[in-house]
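Have a look at the structure below, then the notes.
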Amino acid sequence: MELPFAESWKIKMVEPIRKSTREERLQWIKEAHYNVFQLKAEQVYIDCITDSGTGAMSDRQWAAMMMGDESYAGASSFFRLKDTITRITGFKYVIPTHQGRAAENVLFSYLVKAGDIIPGNSHFDTTKGHIESRKAIALDCTIDEAKDTQLEIPFKGNVSPEKLEKALAENAAKIPFIIVTITNNTAGGQPVSMENLRQVRAIADKYKKPVIFDSARFAENAYFIKTREKGYENKTIKEIVKEMFSLADGMTMSAKKDAIVNMGGFIATNKQEWYDGAKTFCIPFEGYLTYGGMNGRDMDALAVGLDENTEFDNLETRIKQVEYLAKRLDEYGIPYQRPAGGHAIFVDADKILTNVPKEEFPAQALTVHLYLEAGIRGCEIGYLLADRDPVTRENRFNGLDLLRLAIPRRVYTNNHMDVIAAALKNVYDRRESIRRGVKIVWEAELMRHFTVQLEPLEPLK
Ligand SMILES: *Cc1c(COP(=O)(O)O)cnc(C)c1O
């Protein structure tokens, strides 16, 4: 008989988690103004709010922390990190930063000017924020297929070559670089194919423009290339990663994702001019060049994490867990962005809470119901997150309305996935009885979902 699949690690340390009663959760979610960001973590049983910084480090990463060199300048931890990044990505200039958005801040301070246009595939919200706050435009050139949640195609995160070419043909002078997010987080953790990365490179070369990869989940992207793209089945993840980065001029990285550390990030490039330009912003914003925003010990853990998570077994364990949850949802007929992404399942709330009008934020209502059901914390990626139109101040209802269940790396077992799926099924089975959503009682002007205060429009029990 064929042996079943199992994790490529065993557990050495555990952290107790606690269940709660529905009565407790009703009280807690009320105190949190029906916004799961305002819950205390101890009020959560299974936490799927994000996969960012929530992974479990390995024994090797913890051991590496003991070797951290905390020298202010020239720490050996920095050189170990730099050498690892150069070996894995091929980039020789490295600037450590405290997280991904800090890498964006430092590099974009040098590269982005008012009036610029930055084309890419569904810019991540902080990436977009760093572009828009400099009065530049983040132009989304993702393929249209990404919007159809039920369509199954292998590389749903791709850049549309036609849209990109059009942007360059019309506005080349205003475009300082192209940015490709791997995997495409906003489109549902969907990968970008090597073929597409090559197409982007060719268009960039034609117009003599550099390319940056927003690389938070580059290793998961490489796993999908290996398992889905012809010609890559026999290549190692590290070979694929090298080939991917050979098509870029530089990268920004949130190490909280695919480097499996709790905090950290970096910029890497082969362009000396970018390094020289960015380093003048690193020093005032982040710190001296050989630590950026990081402790020596954290740079060591990051280096080991990068190495471990560019190995097939580790990635296979991770992606198969996300697929496992997806299969459970398939059994129950619960709709989500297909195929399952690398780091999360994006449940299509609009297709579930069909009685709840858009104006009452169905995905947020579903997030609250799932929390009440079993203490599971997901995250709305929908109309609340979309914020208001900056000009008209109207809510933006033109995108997708999703409940994201992000899976932390190496943290939960498939038993936890079964609990998540069963809780969601219970809510799904009574979806017809859920008729009302939530209303906003207080909101911030930008990125309102973190702090918004809500009230339910029908009694919750
Ligand atoms: C998380 C993330 C960022 C920002 O990184 P932080 O470490 O959260 O600051 C940027 N881009 C993508 C694609 C991300 O997933």
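Bear in mind these aren't lab numbers, they're just calculated from the coordinates by the rules spelled out. All values derive from a computational prediction rather than experimental measurement. We place every Cβ from the backbone using ideal geometry, glycine too, and count neighbours over all the protein chains shown.
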Worksheet item: What FRET efficiency would be calculated for the residue pair Arg435, Glu132, taking the C-beta separation as r and a Förster radius of 51 Å, to the nearest 0.05?
Response: 0.90
Worksheet item: Does a label point 7 Å from the Cα of Ile153, set along Cα-to-beta-carbon, have any residues of the range 207-240 with amide nitrogen under 18 Å, and which are they?
Response: 224-225, 228-230
Worksheet item: Contour minus end-to-end for Ala422 and Arg22, with contour as 0.36 nm per residue of separation and end-to-end as the Cα-Cα distance?
Response: 142.4 nm
Item to complete: Please give the helix 100-111 orientation as an angle from the longest Cα principal axis of the chain, in degrees from 0 to 90, rounded to the nearest 10.
Response: 50
Worksheet entry | Under 21 Å from the Cα of Lys235 - lysines, other chains or at least 8 residues apart | Lys226, Lys320
Discussion item. Only counting other Cβ atoms within 10 Å, I'd like Phe285, Phe266, Phe346, Phe312 sorted with the fewest neighbours first.
Written reply: Phe285, Phe312, Phe346, Phe266
Item to complete: Report ³J(HN,Hα) in whole Hz for each residue of the range 196-207, in order, from the Karplus equation J = 6.51 cos²θ - 1.76 cosθ + 1.60 where θ = phi - 60°; Gly and Pro get x.
Response: 5, 4, 5, 4, 4, 4, 5, 5, 4, 5, 4, 9
Discussion item. Whole angstrom only: what separates the Cα centroid of the range 269-348 from the Cα centroid of the range 160-188?
Written reply: 21
Practice prompt. At 7 Å along the Cα-to-beta-carbon direction for both Ile283 and Ser71, put a label point, then send me their distance in nm to one decimal.
Written response: 1.9
Response to the item:
Note, the range 38-50: 3J(HN,Hα) by Karplus (6.51, -1.76, 1.60, θ = phi - 60°), whole Hz, Gly/Pro = x, goes 9, 6, 7, 4, 6, 8, 10, 8, 10, 9, 10, 5, 7
Worksheet item: Tell me, what HN-Hα J-couplings in whole Hz come from the Karplus equation 6.51 cos²θ - 1.76 cosθ + 1.60 at θ = phi - 60° for each residue of the range 413-424, using x for Gly and Pro?
Response: 9, 5, 4, 5, 4, 4, 5, 4, 5, 5, 5, 5
Worksheet item: Once Lys and Arg get +1 and Asp and Glu get -1 on their Cβ, which of Met417, Gly341, Ile88 lies farthest toward the positive end of the dipole of the chain?
Response: Ile88
Worksheet item: Where nothing but the Cβ of Lys and Arg (+1) and of Asp and Glu (-1) is charged, how large is the charge dipole of the chain around its Cα centre, in debye to the nearest 20?
Response: 260
Worksheet item: At a Förster distance of 56 Å, what's the computed FRET efficiency of Thr451 paired with Asp205, Cβ-Cβ distance as r, to 0.05?
Response: 0.80
Item to complete: Mind listing the long-range amide H neighbours of Thr97? Cut-off is under 5 Å, sequence gap 5 or more, other chains count too, H placed in the peptide plane at 1.01 Å from N.
Response: Gly265, Phe266, Ile267, Gly293
Practice prompt. Work out the length of the dipole vector of the range 1-144 about its Cα centre, built from +1 on the beta-carbon of each Lys and Arg and -1 on the beta-carbon of each Asp and Glu, and round it to the nearest 20 debye.
Written response: 280
Worksheet item: If amide H atoms are built 1.01 Å from N in the plane of the peptide, which residues on other chains or at least 5 residues away come under 5 Å of the amide H of Asn184?
Response: Gln190, Val192
Worksheet item: Rounded to the nearest 0.05, what FRET efficiency do Asp83 and Asn171 have when you use their Cβ-Cβ distance and R0 = 35 Å?
Response: 0.35
Item to complete: Give the long-range amide H neighbours of Ile381: residues separated by 5 or more places, or on another chain, with amide H under 5 Å away, using H modelled in the peptide plane at 1.01 Å from N.
Response: Leu402, Leu403, Arg404
Worksheet item: Roughly speaking, what is the centre-to-centre gap between the range 1-70 and the range 203-244 when only Cα atoms are used, to the nearest Å?
Response: 30
Fill in: Helix-only CD estimate at 222 nm, as mean residue ellipticity for the chain, using -39500 (n - 2.57) per DSSP H run (n ≥ 4)
-12000 deg cm²/dmol
